Amino acid sequence: MSNPYFIGPVAPERNPPIQPQYFQPSEFPITAIAFGTLTTLTTGTSFGVSNNYVVGQQVRLNIPSTYGAQQLNGQTAYVIDIPGANQVTININTSQGYNAFNPSPAYGPTLPMVVAIGDVNSGPINASGRINQGTYIEGAFINISP
């Protein structure tokens with residue numbers, strides 16, 4: 001893709017390479033779960049950032065067994081509301097048959113997490129190969145550059 005304001009090759013300082021070690025998937029520890037027809041997760045911070053999810057973002061829940069609520073472990077859902085800076089509401093009905101969430105078990109070295117699902121691959125495959133489309137899902141990765 002050429003830029004109409006520049007003639008000739010693009011100088012390296014105008015097109016720096018992406019440094020993957022400075023990006024991390026948006027994942028945040030779960031500190032509380034409000035069960036109901038919709039489920040609201042309260043999250044902690046990651047690298048000093050409150051959750052940066054957007055409505056429509058797809059997420060996965062990773063909940064170690066010591067924290068309870070094992071029925072939610074591994075489930076994927078969509079963010080349907082952001083009620084607060086550290087909360088997300090997802091479209092999972094937990095009104096019946098879900099074990100309670102224990103925010104502080106006696107033993108829990110691995111924190112329960114909500115993780116964005118998305119990637120920054122090289123785009124869809126078509127007849128002419130891959131086309132760089134950029135990030136597909138806003139909020140899937142956060143920049144942790146020094």
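Just the residues that are more than 14 Å from residue 103 (Cα to Cα) and more than 12 Å from the chain's Cα centre (by Cα), please, taken from segment 49-71.
Let us first name the residues in segment 49-71 that are more than 14 Å from residue 103 (Cα to Cα), namely 49-61, 71.
Passing the criteria: 49, 71.
Here's a check for you: in segment 49-61, which residue that is among the aliphatic types (A, V, I, L, M) and assigned to a strand (DSSP E or B) is nearest to residue 116 (Cα to Cα)?
Within segment 49-61, the first condition is being among the aliphatic types (A, V, I, L, M), and the residues that meet it are 49, 54-55, 59, 61.
With the extra rule that they be assigned to a strand (DSSP E or B), the set shrinks to 49, 59, 61.
On the way: 49: 14, 59: 4, 61: 9 Å.
Taking the candidates together, the pick is 59.
Scan segment 62-84 for residues that are on the phi < 0 side of the Ramachandran plot and assigned to a strand (DSSP E or B) and jot them down.
Applying the first criterion (on the phi < 0 side of the Ramachandran plot) to segment 62-84 yields 62-67, 70-73, 75-84.
Once the filter is applied, which keeps residues that are on the phi < 0 side of the Ramachandran plot and assigned to a strand (DSSP E or B), segment 62-84 yields 62, 76, 77, 78, 79, 80, 81, 82, 83, 84.
Can you name the residue in segment 72-86 that is of a type in the set (A, V, I, L, M) and within 15 Å of the chain's Cα centre (by Cα) and, of all such residues, is surrounded by the fewest Cβ atoms within 10 Å (Cβ to Cβ)? Spell out the reasoning first.
Taking segment 72-86 and keeping what is of a type in the set (A, V, I, L, M), we get 72, 77, 79-80, 82, 85.
Of the ones still in play, those that are also within 15 Å of the chain's Cα centre (by Cα) are 77, 79-80, 82, 85.
Values: 77: 21, 79: 21, 80: 14, 82: 16, 85: 10.
The qualifying residue surrounded by the fewest Cβ atoms within 10 Å (Cβ to Cβ) is 85.
Could you run through segment 35-48 and say how many residues are assigned to a loop (DSSP other than H, G, I, E, B), in contact with a strand residue (DSSP E or B) (Cβ under 6 Å, 6 or more places away or on another chain) and at pLDDT below 95?
Going through segment 35-48, the residues assigned to a loop (DSSP other than H, G, I, E, B) turn out to be 35-38, 44-45, 47-48.
Okay, now just the ones that are also in contact with a strand residue (DSSP E or B) (Cβ under 6 Å, 6 or more places away or on another chain), so 38, 44.
Filter again for at pLDDT below 95, leaving 44.
Residues in segment 35-48 being assigned to a loop (DSSP other than H, G, I, E, B), in contact with a strand residue (DSSP E or B) (Cβ under 6 Å, 6 or more places away or on another chain) and at pLDDT below 95: 1 in total.
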Inspect all residues belonging to segment 24-34 and state whether any of them is at pLDDT below 75 and either surrounded by fewer than 17 Cβ atoms within 10 Å (Cβ to Cβ) or not charged (D, E, K, R) (or both). yes
Those residues of segment 51-65 which are exposed (fewer than 15 other Cβ atoms within 10 Å of the Cβ) and within 25 Å of residue 107 (Cα to Cα) amount to 65
Please name all residue pairs, on different chains or six or more residues apart, with Cβ atoms under 9 Å, provided the first residue is in segment 77-91 and is closer than 19 Å to residue 49 by Cβ and the second residue is of a type in the set (Phe, Trp, Tyr) and part of a loop (DSSP other than H, G, I, E, B). 79/53; 82/53; 88/53
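Just name the residue that is farthest from residue 112 (Cα to Cα) out of those in segment 23-48 that are among the aromatic types (Phe, Trp, Tyr) and within 18 Å of the chain's Cα centre (by Cα).
Just the residues of segment 23-48 that are among the aromatic types (Phe, Trp, Tyr), to begin with: 23, 28, 35, 47.
Next, only the ones that are within 18 Å of the chain's Cα centre (by Cα) stay: 23, 28, 47.
Numbers: 23: 21, 28: 8, 47: 16 Å.
Checked segment 23-48; the qualifying residue farthest from residue 112 (Cα to Cα) is 23.
The values are calculated or read from the model by the stated rules, or taken from the named source; none is laboratory data. A quick note: this is a predicted structure, and the numbers were derived from the prediction, not measured. All Cβ positions, even for glycine, are placed from backbone atoms using ideal geometry, and neighbour counts span all protein chains on display.
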